Amino acid sequence: MSYPINGLPARWLVAIALSLALLAGCQAAQPLPPEENQAAVDRMLSLVDERLEVALLVARAKWNTGTNIEAPKRETEILNRVASRAAGAGVDEAFARGFFQAQFEASKLVQRRLHRRWQDEERGLFDNPPALAEDVRPVLDRLTPALIESLADWQLLIEDPRVALYLESRATELVTDDFGGEPRRVALEPLKTQ
C-alpha cells in the first residue's frame, strides 16, 4: 500500500476529493423559487415558444407571396398597441416594447434561416400556405395580450434571483429552437435584463 500524501492511501485521497466535489455541488445548487413562480416562468416560456412556432407559418406565407421578411411599419404599429396595452396592465412600456421587439427579431431570425435553407434547396412554393391575415395574425393577436399579462407577472418575479436561474434551466426544455439557440436567446434576453 502506498502512502503518497501525509501517510494517507491514494484511494482515500480520491474518496475525499469526490466527497468535497459533491459537497461543493450541493452548496452551489440554488433552491427553486416557489411553485407559483415556477408556474409563471413556465407559462412565459411556453408563450414565447408558441410565438416562435408562428415564425414558421410566417416564413411559409412570405415565401409563397415573396413578401419581405422586414416589416418595420407593421412592427411600429404593433409596438404602439403593445405599449398602450402594457400601460393598462401595469407593465413598464419600455420593458414591453423591448420584449416585443426581441420577439420580432427572434421570429425574423427563424424566417431568414428558413428562407436561406429553402433557397439552397431550390424549394418551390408550398401547397396551401397559411395566409398572414386569416391564419397567422389571429394567433399573434391571441398571444399578445397573454404575453403582456405574463410580463406583468414577470416584473414582480424578477427581483428573486432564483427566478432567473430557473428561467435559464427551463428555457432549453420549454422553448424549441432548431437554429442553434440564437432565436431563443434573442427572445429571452429582455427577461434577463429587466
For this session: Name the one entry in ASP135, ASP141 that is among the charged types (D, E, K, R), under 15 Å from THR67 (Cβ atoms) and part of a helix (DSSP H, G or I).
Result: ASP135
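Pick from region 39-97 the residues that are among the polar types (S, T, N, Q) and in a loop (DSSP other than H, G, I, E, B): which of them is farthest from VAL163 (Cα to Cα)? It would help to see each step written out before you state the result.
Taking region 39-97 first, the residues among the polar types (S, T, N, Q) are 46, 64-65, 67-68, 76, 80, 84.
Checking the rest, the ones that are also in a loop (DSSP other than H, G, I, E, B) come to 67-68.
On the way: THR67: 39, ASN68: 38 Å.
The qualifying residue farthest from VAL163 (Cα to Cα) is THR67.
How many of the residues in region 104-154 are of a type in the set (Phe, Trp, Tyr) and under 15 Å from the mean Cα position of the chain (by Cα)? Don't jump to the end; show me each part of the working.
First, pick out the residues of region 104-154 that are of a type in the set (Phe, Trp, Tyr): 104, 118, 126, 154.
Filter once more, keeping what is under 15 Å from the mean Cα position of the chain (by Cα): 104, 154.
Number of matching residues: 2.
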Exercise. Any residue in region 118-125 that is under 25 Å from MET44 (Cβ atoms) and of a type in the set (D, E, K, R)?
Worked result: no
Exercise. Is there a residue being surrounded by fewer than 17 Cβ atoms within 10 Å (Cβ to Cβ) and within 18 Å of ALA59 (Cβ to Cβ) anywhere in region 76-91?
Worked result: no
Problem set entry | Index of the failed condition, LEU125 passing every other in (1) in contact with a Pro (Cβ under 8 Å, 6 or more places away or on another chain); (2) at pLDDT 95 or above; (3) farther than 18 Å from ASP49 by Cβ | (1)
Problem set entry | Among the candidates GLU70, GLU50, GLU121, GLU75, residue that is closer than 21 Å to GLY180 by Cα and in contact (Cβ under 8 Å) with a residue 12 or more places away in the chain | GLU50
Seminar exercise, completed: Taking region 171-194 and keeping residues part of a helix (DSSP H, G or I) and among the charged types (D, E, K, R) leaves GLU173, GLU182, ARG184, ARG185, GLU189, LYS192
Exercise. Looking at region 151-169, is at least one residue surrounded by 15 or more Cβ atoms within 10 Å (Cβ to Cβ), acidic (Asp, Glu) and assigned to a helix (DSSP H, G or I)?
Worked result: yes
For this session: Look at VAL163 and say whether it is among the β-branched types (Val, Ile, Thr), in contact (Cβ under 8 Å) with a residue 60 or more places away in the chain and closer than 23 Å to ALA61 by Cβ.
Result: no
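The values are calculated or read from the model by the stated rules, or taken from the named source; none is laboratory data. These numbers come from a predicted model, not from an experiment. When we count neighbours, we look across all protein chains shown, and the Cβ atoms used for this are built from the backbone with ideal geometry, even at glycine.
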